[in-house]
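Input: a single structure, listed below in structure tokens.
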Amino acid sequence: MGSVKLLLVALFACLILPCYGIVRLPQLVVDGMVLQRDAKVKIWGWADASEKITVNFQHKTYRTVTDESGSWKIALQPMKAGGPYTMEITGNNRITIRDILIGDVWFCSGQSNMVLPMERVKEKYPDEIAKANYPQIRNFFVKTESDVTRQHSDLLPGKWVKADSVTVLGFGAASWFFAKQLYQKYHVPIGIINSSVGGTPIEAWVSSEGLKNIQSYHNRIARFSNTAFMDSVLKKHPEPVEPLNADKGLNEVKPWHDTTYKPHSWHRFWLPGYWADQGVKGLNGVVWFRKEITLPASVQGKASKLYLGRIIDADQTYVNGKQVGNITYQYPPRRYTVPAGLLKPGKNIIVVRITNTSGKGGFVPDKRYYLAIAGDTIDLRGDWQYKVGQVFEPVRMKPEFSAQNEPTGLYNTMVAPAINYTIRGIVWYQGESNSSRASEYGTLLKALIADWRNRWQQGNLPFIYAQLPNFNEVQYSPTESDWAQLRAGQLEALEVPNTGMAVTIDAGEWNDIHPLNKKTVGERLARAAENVAYGDVNVVPSGPIYQSAKIEGNKIEIAFKNTGAGLVAIDGEELSQFAIAGADKKFVWAKAIINGGKVLVWSDKIPAPLYVRYAWADNPDGANLYNKEGLPASPFQTGKLQ
């Protein structure tokens, strides 16, 4: 009986303890991976301590022995682009990795505009998706995980995905257009590791070592090792959940989306728009919207698509009493399929239930609102009706701590486990979440570049990044701007060697922090990479970049880099969005002309100018200084000139 007990104990131990004797590979080292050409590629993993590991690849054999912790790592000799190939890794077990390509690998990171998938822009680029048959472009999406207490040794489970017309919908849009342009120019496999999380600040992506010289973040990180502090901040304070039955629209005898419901005491609403601007000020809660439309006999039995632009914040949308879609937050476009047979000739009813807890709720202006059916479109803008279903309490408690928004919180989990993977360079698209602290962004971006280069240990890795696009309402007078200040920090980072910046000041949308024009962004990022990473000196890497300025009487003369074939006003009009100031730093709009490859700026109101700004606004509408290659000049401001 004793021996049976011992056997059971041994079996139980095997179940709960990891079996280190079996060779285990990181998530990135798997079927379909792309390895970096012309470099010593690292392959690594884990097994039992002192276990002999053999790697066979491309007619070469590599051997090593695991260290005391069971870790091992080897470096493959540099190889030319090609594939597909097979790799065998042997310890106490054997692993075969198939369909390996050798090409260029780019680590793409940032926040939501780097995450935003092709699915979100599919209606803008239908041909792009239909023709996306590029099995040598492959994407590995890193799943979101955060931790401020320790660095993780591996990523969450993931896989390499080949690009075709179906899978491309899951690729990040900016990184797709970036990869495609490089693939079409250089004809080598392109691997994209997309490690990005929406709404996250730059400091979350930097290691503790990388932030040690920035005192405020260093002090914050020091607290993460304090158990009592972490216990206190990780105690969640749940957000109160409003019971659905408090909503009159769901609680009456007939819900307001029911086709037999007879509306009474509803008010007029002009769609699109926010209810705060149409008579419902200061309300957080549930508001219902309703519209009756009349359709012809030709709709009988036809499926259709309902486009409701963007909605703030969550919606449930009904057509003729049936729910056709719902989205729980504001950013995704509302594109709902209406099943065949649901619409009918004659009267049809569309009802939208919107829930909002902060800011302005409603329908974002300047978006598409229509019904597409039977080859026709029915415009849904105009008169609707609304009625308030529920009012929320004004104070709502939220969690106090989120590791993905804290210093090191994403570096530890979504960067550190990938630094053994040999890459060609880094692409970065982030900044929106730091706009309220814009003045420090240049310091943080330079810290991130230095930190990642130090971690990857591949020298001055090419670092390519997107400058923030235009966003928010247009200001028609010179003004201060957090977004402009942050762009200045991004411009400042070009001082770091082997960096490139894609200027996107013309690729945004005033009403959408997630603009759809990711083709322009991705292709400009690729253009910068062609110059910086691939050494193509014939490629102008960006639009004009401020270089220097000097006072010439009552004018200021500005010189630029990256002027290419010359400076132009892209629309043929007078140069716009230049502002000038004297000693009081009170900026006024200025006149500006292109003169001998430079720009002269002046204003009769400022006889002794000392400062110049260009495109210094959240949304500098009309900024028209470009080079002849069609690339916009970066916004900038000068210091005090002598």
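A compact table of results
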| item | result |
| --- | --- |
| Computed [θ] at 222 nm, helices only, for the chain once each DSSP H run of length n ≥ 4 contributes -39500 (n - 2.57) | -4500 deg cm²/dmol |
| Stokes-Einstein translational diffusion, the stretch 437-526 - Kirkwood Rh over all Cα pairs, 0.890 mPa s, 25 °C, in µm²/s | 172 |
| FRET efficiency for residue 25 and residue 393, using Cβ-Cβ distance with R0 set to 45 Å, rounded to 0.05 | 0.30 |
| Reachable lysines, given that their alpha-carbon falls under 20 Å from the alpha-carbon of residue 131 and they are not under 8 places away in the same chain | 122, 162, 180, 185, 518, 519 |
| Using a Förster distance of 56 Å, the FRET efficiency for residue 291-residue 588 (Cβ separation, nearest 0.05) | 0.75 |
| Solvent-accessible area per residue for the stretch 404-456 (1.4 angstrom probe, square angstrom) | 22 |
| Percent of beta bridges antiparallel (DSSP, the stretch 377-514, rounded to nearest 5) | 10 |
| Those aspartates and glutamates that a straight Cα-Cα span of less than 15 Å connects to residue 80, excepting residues fewer than 8 apart in one chain | 38, 104 |
| Debye equation applied to the C-alpha atoms of the chain, log10 I(q)/I(0) at 0.05, 0.10, 0.12 Å⁻¹ | -0.29, -1.08, -1.33 |
| Whole-Hz couplings from phi, Karplus 6.51/-1.76/1.60, listed for the stretch 147-158; x for Gly and Pro | 6, 9, 8, 6, 7, 8, 8, 8, 7, 5, x, x |
| Heavy-atom surface of the stretch 466-570, accessible at 1.4 Å and reported per residue (Å²) | 38 |
| Extension gain, residue 133 back to residue 457 (0.36 nm per residue minus Cα-Cα distance, nm) | 113.2 nm |
| Label-point separation, residue 98 to residue 230 (7 Å along Cα→Cβ), nm | 4.2 |
| Sequence ranges 419-429, 296-306, ranked by mean other-Cβ count within 10 angstrom, highest first | 419-429, 296-306 |
| Carbon plus sulfur fraction of accessible area for the chain, probe 1.4 Å, in percent | 51 |
| Cross-link partners of residue 555 among lysines (Cα-Cα below 28 Å; sequence separation of 8 or more within a chain) | 585, 586, 591, 598, 605, 628, 640 |
| Added length on full extension, which subtracts the Cα-Cα distance from 0.36 nm per residue, residue 552 to residue 270 | 96.2 nm |
| Protection proxy ranking of 86-97, 189-200 - average other beta-carbon atoms within 10 Å, highest first | 189-200, 86-97 |
| Computed accessible area, residue 225, all protein chains, 1.4 angstrom probe, square angstrom | 100 |
| Positive-end extreme of charge dipole, the stretch 415-555 - chosen from 553, 537, 444 (charges on Cβ) | 537 |
| FRET efficiency, residue 298 to residue 260 (Cβ-Cβ, R0 22 Å, nearest 0.05) | 0.25 |
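The values are calculated or read from the model by the stated rules, or taken from the named source; none is laboratory data. In this text, all values refer to a predicted model and were calculated from it rather than measured experimentally. So basically every Cβ, Gly included, is an ideal-geometry build from the backbone, and we count neighbours across all protein chains shown. Surface accessibility is based on the protein's heavy atoms, side chains included, excluding ligands, DNA and RNA. Shrake-Rupley method; radii C 1.70, N 1.55, O 1.52, S 1.80 Å.
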